[in-house]
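First up is the structure itself, then whatever we jot down about it.
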Amino acid sequence: MYGKNAWGKYSGKKLDNVMAFNEEYKNFLSTCKTERLCVEYAVNLAKSHGFKNINDVTTIKKGDKLYATNMGKNVAVFVIGEEPLENGLNILGAHIDSPRIDIKQNPLYEKNDFAMLDAHYYGGIVKYQWVATPLAIHGVVVKKDGKIVDVHVGESLEDPVLVITDLLPHLAADKMQKTGAKVIEGEDLDLTISSIPMDGEEKEACKKYVLNLLKEKYDIEEEDFVSAELEIVPAGPARDLGFDRSMVLGYGHDDRVCAYTSLRAVLDAGETKRTSCAYLVDKEEVGSIGATGAHSKWFENVVAELLNKQNNTYNDLMLRRALTNTYMLSSDVSAGFDPLYPGVFEPKNAAYLGKGLAFNKYTGARGKSGCNDAMPEFMAKIRNIMDNEDVNYQTAELGRVDVGGGGTIAYIMGNMGMNVIDAGIPVLSMHAPYEAVSKIDVFEAYKGYIAFIKNIQ
Ligand code: MN
Ligand code: MN
């Protein structure tokens, strides 16, 4: 159903299903605050559904369930279809990195009897939203001998949290004259982490005290920060939003809401005619570059491995055919229409919370610059599938023409010759520490993704 509010379709037990699915999603979102944690979660869930590591099988056949990972930051799950891989795959591709604040390599310093951690933000955050709010730290410290120390602090109510302080309004007369982009500067996003001085120390006593704590708890030294990956994110779980509990407020809906629903779709859909795949990728928020971003050759390499395991032989032409014959949804969130800011949207072509899965034929900026403009033939097939499977869906642009813009991994996968369109869940307050989505859209997206991988060809 196109452009209609989806809540009316559900009551009684069906509505309970929608709510129950969202409880599972909330658990994922609350647990998986980094890419690594998302990959771990996805692998465990896939294994519990009978998926095997692609490296542990030598030949593949119809119905096989496989997963592959890359550097702990990408995961792809596959259900091998009836048709040969050369006929193409049906892919749901989402990203599992979210805007956040990273700890620098040489971060620790003492100032006025506080120990502080220097940080560098990741992705497009609105800096002033991240101050004076409880923050958690997640990540790894890798010791020189290769030992990986996991660090997770700030999620349980008993845990301490960290904070980036902000100036009191009484003394902020000058600061309040600054523009939004400058009111909190990038170098001022430093975390306050302790304030007890080490007994008997004259110099850097607070720093020494906290280093002692880190040594005791994690067996790490100051220099170990050099080989660490520590991410600062909003502390605490995702929560129901609204008196009617119709929405979820949480950190990282962009794009973990589409990652979770895509993963679940492939796990729950069972065997499909064409090979189905959920591809969860890193680094989208910083341009999809590097070994773990969508620009990486990793995904192609995995498809090449699959072809080799399917045919017991491999050539480049097979891979090219497989990729060119592929259909993909770039499962990424849309800007939800916000009644407080109607001026930046064009109402006929905006994504609304409650109207289901939102298709963005193109994103980009200005004259669609940098966009993947999906084929109308492809969109027509999708319309047919969504209507046949009773999925509520809508179409949208990223705001009014010339107001701004953005992009996704769609064009990168499109470069391989496949048909790709952006299809995701509308989000309010995107990139803020707490973003909001509608539970009905989460469920309709899950249904829409299943409908897509089962039927597109
Ligand atoms: Mn995104
Ligand atoms: Mn984003």
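Translational diffusion coefficient of the stretch 100-234 at 20 °C, 1.002 mPa s, Stokes-Einstein with Kirkwood Rh over Cα pairs, in µm²/s as a whole number.
Working: Rh = 15.9 Å.
Answer from the Stokes-Einstein relation: 135 µm²/s.
Using the 10 angstrom Cβ neighbour count as an exposure proxy, how do LEU329, LEU29, LEU168 rank, fewest first?
Ascending Cβ contact count within 10 Å gives the list LEU168, LEU29, LEU329.
Order of 308-317, 397-406 by packing, highest average Cβ count within 10 Å first?
397-406, 308-317
Rank these for me by crowding, LEU15, LEU37, going from fewest to most other beta carbons within 10 Å. The partial results should precede the final answer.
Details: LEU15 15, LEU37 20.
Ranked by crowding around the Cβ, least crowded first: LEU15, LEU37.
Peptides 348-361, 70-83, 152-165: what's the order by average Cβ count within 10 Å, highest mean first?
Working: 348-361: 23.2, 70-83: 21.6, 152-165: 14.5.
In descending order of packing, they fall as 348-361, 70-83, 152-165.
How big is the antiparallel share of DSSP beta bridges in the chain, given as a percent to the nearest 5?
On the way: 53 of 77 bridges.
Bridges in the chain are about 70 percent antiparallel.
Could you go through the stretch 100-115 in sequence order and give the Karplus-derived ³J(HN,Hα) for each residue, using 6.51 cos²θ - 1.76 cosθ + 1.60 with θ = phi - 60°, rounded to whole Hz, and x for Gly and Pro?
6, 10, 9, 7, 5, 6, 10, x, 7, 8, 10, 8, 6, 6, 10, 8
Based on alpha-carbon positions alone, could you give the equivalent ellipsoid semi-axes of the stretch 245-375 from the gyration tensor, as √(5λ), descending, whole Å? Don't skip to the answer; put the middle values down first.
Working: eigenvalues 211, 67, 43 Å².
In descending order the semi-axes read 32, 18, 15 Å.
Set the Förster radius R0 to 30 Å, insert the Cβ-Cβ distance between PHE243 and MET1 as r into 1/(1 + (r/R0)^6), and round the FRET efficiency to 0.05.
Numbers: r = 26 Å, r/R0 = 0.88.
Plugging the Cβ-Cβ distance into 1/(1 + (r/R0)^6) gives 0.70.
Taking +1 at the Cβ of each Lys and Arg and -1 at the Cβ of each Asp and Glu, which of SER227, LEU241, LEU167 sits farthest along the dipole of the stretch 156-277 towards its positive end, judged by Cα position relative to the Cα centre?
Of the listed residues, the answer is LEU241.
Applying the Karplus parametrisation 6.51 cos²θ - 1.76 cosθ + 1.60 with θ = phi - 60° to the phi angles of the stretch 80-91, what ³J(HN,Hα) value in whole Hz is obtained for each residue in order, glycine and proline being reported as x?
6, x, 5, 6, x, 4, 4, 6, x, 10, 10, 10
Please name which of VAL140, ILE453, GLY414 has its Cα lying farthest along the dipole of the chain towards the positive end, using unit charges on Cβ (Lys, Arg +1; Asp, Glu -1) and the Cα centre as origin.
Most positive-ward Cα: ILE453.
Around ALA351, which amide H atoms from residues at least 5 apart in sequence, or from another chain, sit under 5 Å from its own amide H, with H modelled in the peptide plane?
Close amide H contacts, sequence-distant or interchain: PHE337, GLU397.
I'm a student and want to see the number: the projected area of the Cα convex hull of the chain, averaged over all directions, in nm². Walk me through the numbers on the way to the answer.
Values: hull surface 97.1 nm².
One quarter of the hull surface, i.e. the mean projection, equals 24.3 nm².
Among all cysteines in the chain, which have no other cysteine Cβ under 4.7 Å from their own Cβ?
Cysteines lacking a close Cβ partner in the chain: CYS206, CYS258, CYS277, CYS371.
Give a residue-ordered list of calculated ³J(HN,Hα) values for the stretch 300-305 (Karplus: 6.51 cos²θ - 1.76 cosθ + 1.60, θ = phi - 60°; whole Hz; x for Gly, Pro).
With the stated coefficients, the stretch 300-305 comes to 4, 4, 5, 5, 4, 4 Hz.
Set the Förster radius R0 to 30 Å, insert the Cβ-Cβ distance between LYS14 and LYS348 as r into 1/(1 + (r/R0)^6), and round the FRET efficiency to 0.05. The partial results should precede the final answer.
Values: r = 30 Å, r/R0 = 1.00.
For R0 = 30 Å, the calculated efficiency reads 0.50.
Please give the charge dipole size of the chain, origin at the Cα centre, charges +1 on K and R Cβ atoms and -1 on D and E Cβ atoms. Round to the nearest 20 debye. Intermediate values should be presented prior to the final figure.
Values: 50 positive and 64 negative charges, 371 e Å.
The dipole magnitude comes to about 1780 debye.
I'd like the chymotrypsin sites (Phe, Trp or Tyr not before Pro) in the stretch 174-259 restricted to DSSP loop residues with at most 11 other Cβ atoms within 10 Å, sorted by number. Spell out each step's value before the answer.
Working: sites: TYR209, TYR218, PHE225, PHE243, TYR251; in loops: PHE243, TYR251.
In loop regions of the stretch 174-259 (DSSP not H, G, I, E or B), the sparsely surrounded chymotrypsin sites (Phe, Trp or Tyr not before Pro) are PHE243.
Please compute the length gained on full extension between VAL126 and ILE148, using 0.36 nm multiplied by the number of residues separating them and subtracting their Cα-Cα distance. Each step should come with its number before you reach the end.
Working: separation 22, 0.36 × 22 = 7.92 nm, distance 3.17 nm.
Taking 0.36 nm per residue and subtracting the Cα distance, the gain is 4.7 nm.
Collect residues whose amide H, placed 1.01 Å from N in the peptide plane, falls under 5 Å from the amide H of ASN419; neighbours closer than 5 in sequence don't count.
Residues meeting the amide H criterion: THR326, MET328.
Counting pairs of alpha carbon atoms under 8 Å apart in space and at least six apart in sequence, what relative contact order in percent does the chain give? It would help to have the intermediate numbers written out before the result.
Numbers: 1014 pairs, mean separation 107.1, N = 457.
Reported relative contact order: 23 percent.
Determine the gain in length on full extension of the stretch ASN55-ALA205; use 0.36 nm per residue of separation and subtract their C-alpha separation, reporting nm with one decimal. Kindly include the intermediate steps, with their values, before the conclusion.
Working: separation 150, 0.36 × 150 = 54.00 nm, distance 5.04 nm.
Working it through step by step, the gained length comes to 49.0 nm.
About the Cα centre, and with charges only on the beta carbon of Lys, Arg (+1) and Asp, Glu (-1), how big is the dipole of the stretch 24-140? Nearest 20 debye, please. Numbers along the way, then the final one.
Numbers: 13 positive and 13 negative charges, 30 e Å.
Using Cβ point charges on Lys, Arg, Asp and Glu, the stretch 24-140 gives about 140 debye.
GLU216 to ALA173: extension gain in nm, 0.36 nm per residue of separation minus the Cα-Cα distance? Could you put the intermediate results ahead of the total?
Working: separation 43, 0.36 × 43 = 15.48 nm, distance 4.34 nm.
Residue separation times 0.36 nm, minus the Cα-Cα distance, leaves 11.1 nm.
Quick one: order ARG239, ARG256 by neighbouring beta-carbon count within 10 Å, fewest to most.
Fewest to most other Cβ atoms nearby, the residues stand as ARG239, ARG256.
Only the coordinates and a few stated rules stand behind these numbers; no lab work does. Since the model is a prediction, treat every value here as computed from it, not as a measurement. When we count neighbours, we look across all protein chains shown, and the Cβ atoms used for this are built from the backbone with ideal geometry, even at glycine.
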